[in-house]
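**Q** If you scroll down you'll find the structure; I have some questions about it.
The values are calculated or read from the model by the stated rules, or taken from the named source; none is laboratory data. Please read all numbers here as calculations on a predicted model, not as lab measurements. In this analysis, Cβ positions are derived from the backbone assuming ideal geometry, glycine residues included, and neighbour counts consider all displayed protein chains.
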Amino acid sequence: MVWKKRSCGESLYHHVYAWGNDRHPVFKANEHYCEYLKLMEKHSSFYGVDIIAYALLEWHVHLFIYDKENNISNFMFRLHGDYAQYFNRIANRVGHVFGERFNNKIVQPNQYGLWLSRYIHLQPVEAGIVKDPEDYPWTSYKAYIGLDQKNFVKPDVILGQFGKKNERRTRYKEFVVNTTSDDIIDHSQRTLQDVDVSFMVSVISRELQVDQRIFLGPKNREELKIRRTAIRLLFKKYGYSKTQIAHMFGLSRMAVTSIIKRDF
């Protein structure tokens with residue numbers, strides 16, 4: 001397989017996300033999350049990478065980072081390599097822990113960065129694990145609102161957009177908790193060219209009011225029908241290409257073309 005050249009460079013912000021190999025869990029106990037955070041702190045310092053926000057979930061991770069010295073590949077290689085060694089040793093297993101290649105998207109830290117941080121911090125809510133993001137311990141959300149001290153988290157580029165210093169944490173909390181799903185959909189339409197795959201799949205799942213995991217592994221005819229509807233929405237309403245949609249859902253371009261043609 002020929003890999004697409006990774007988007008990278010000095011002084012760039014990235015949304016990084018990675019799933020467990022074959023969608024298997026990457027965290028099975030609290031100490032696993034703790035080890036990942038310890039390694040993330042260690043390697044981010046060594047490679048000059050600022051951690052703006054993060055969410056660690058059982059099957060996948062989301063990182064919002066600032067790569068000062070074009071070290072994203074080295075940083076992720078060491079982070080996931082060291083974690084895989086730890087996880088395999090603890091679990092008495094061999095093989096990949098994460099999929100072979102992490103995904104990254106260059107983003108802007110201004111308005112889109114606000115929405116990206118919100119999206120990341122709401123991952124456990126979207127997954128149905130908690131109702132309040134404050135109740136989930138494995139994201140950077142509590143560091144943002146002043147309930148946790150993590151020196152390796154650098155939220156100022158986001159919090160600085162919320163006005164006076166003594167109001168920022170409260171205003172950010174209101175932004176995360178009180179913004180409606182409709183606002184997210186409207187925002188995604190205005191910034192379509194900047195929205196990454198993971199975020200857009202979340203938008204479509206809200207619009208159709210279904211769990212986004214259906215898109216990756218429909219189990220019956222009804223779920224297949226829902227995925228076909230999502231594909232047509234992405235193509236006709238949001239303007240995504242067939243190739244982009246194929247990547248989102250792990251399908252071939254031919255399969256996506258066939259689904260879209262049925263609706264014409």
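**Q** Select from the stretch 127-139 the residues that are surrounded by fewer than 16 Cβ atoms within 10 Å (Cβ to Cβ) and closer than 14 Å to residue 59 by Cα and list them in ascending order. Give the steps one after another, and end with the answer.
**A** Of the residues in the stretch 127-139, the ones surrounded by fewer than 16 Cβ atoms within 10 Å (Cβ to Cβ) are 128-132, 135, 137.
Matches in the stretch 127-139: 128, 129.
**Q** Further, regarding this structure: Say we look at the stretch 104-146 and pick out the residues that are in a loop (DSSP other than H, G, I, E, B) and of a type in the set (S, T, N, Q); which of these is farthest from the chain's Cα centre (by Cα)? Working first, answer last.
**A** Keep residues of the stretch 104-146 that are in a loop (DSSP other than H, G, I, E, B), which gives 108-110, 122, 127-132, 136-138, 140, 145-146.
The next check asks that each one be of a type in the set (S, T, N, Q); those that pass are 108, 110, 140.
Details: 108: 15, 110: 17, 140: 13 Å.
Filtering first and then ranking leaves 110.
**Q** Take the conditions under 26 Å from residue 135 (Cα atoms) and out of contact with any Phe, Trp or Tyr (no Cβ under 7 Å at 6 or more places or on another chain) and apply them to residue 83. Does it pass? Outline the logic, then answer.
**A** Numbers: under 26 Å from residue 135 (Cα atoms): yes; out of contact with any Phe, Trp or Tyr (no Cβ under 7 Å at 6 or more places or on another chain): no.
Spelling it out, it is not the case that residue 83 is under 26 Å from residue 135 (Cα atoms) and out of contact with any Phe, Trp or Tyr (no Cβ under 7 Å at 6 or more places or on another chain).
**Q** A further question on this structure: Go through the residues of the stretch 237-247 one by one and say whether even a single one is buried (at least 17 other Cβ atoms within 10 Å of the Cβ) and closer than 23 Å to residue 128 by Cβ.
**A** no
**Q** Restricting the first residue to the stretch 240-251 and requiring it to be farther than 11 Å from residue 215 by Cα, which pairs with a second residue that is at pLDDT below 80 meet a Cβ separation below 8 Å and a spacing of at least six or different chains?
**A** 240/200; 240/248; 244/197; 247/197
**Q** Enumerate the pairs (first residue in the stretch 163-185 and surrounded by 12 or more Cβ atoms within 10 Å (Cβ to Cβ); second residue anywhere and modelled with pLDDT of 85 or more and of a type in the set (Val, Ile, Thr)) with beta-carbon separation below 8 Å, excluding pairs fewer than 6 apart on the same chain, so at least 6 apart or on different chains.
**A** 169/145; 170/145; 172/145; 172/158; 173/145
**Q** Scanning for something in contact (Cβ under 8 Å) with a residue 24 or more places away in the chain, touching a strand residue (DSSP E or B) at 6+ places or on another chain (Cβ under 8 Å) and either part of a loop (DSSP other than H, G, I, E, B) or among the small types (Gly, Ala, Ser) (or both), does the stretch 71-83 turn up at least one residue?
**A** yes
**Q** Working carefully through the options 145, 106, find the one that is β-branched (Val, Ile, Thr), more than 15 Å from residue 202 (Cβ to Cβ) and modelled with pLDDT of 95 or more. Let's see the steps before the verdict.
**A** Working: 106 fails: modelled with pLDDT of 95 or more.
Of 145, 106, the one residue that is β-branched (Val, Ile, Thr), more than 15 Å from residue 202 (Cβ to Cβ) and modelled with pLDDT of 95 or more is 145.
**Q** Go through the stretch 236-254 and count every residue that is at pLDDT 85 or above and under 17 Å from residue 201 (Cβ atoms).
**A** Final tally of qualifying residues: 0.
**Q** Could you please tell me which pairs satisfy a Cβ distance under 9 Å, a separation of 6+ or placement on different chains, a first residue in the stretch 19-38 that is closer than 18 Å to residue 51 by Cβ, and a second residue that is of a type in the set (Lys, Arg)?
**A** So the pair list comes out as 37/150.
**Q** For the condition polar (S, T, N, Q), free of Cβ contacts under 8 Å to residues at least 24 places away in the same chain and exposed (fewer than 14 other Cβ atoms within 10 Å of the Cβ), what is the one hit in 110, 92?
**A** Numbers: 110 fails: free of Cβ contacts under 8 Å to residues at least 24 places away in the same chain.
Exactly one residue qualifies, and that residue is 92.
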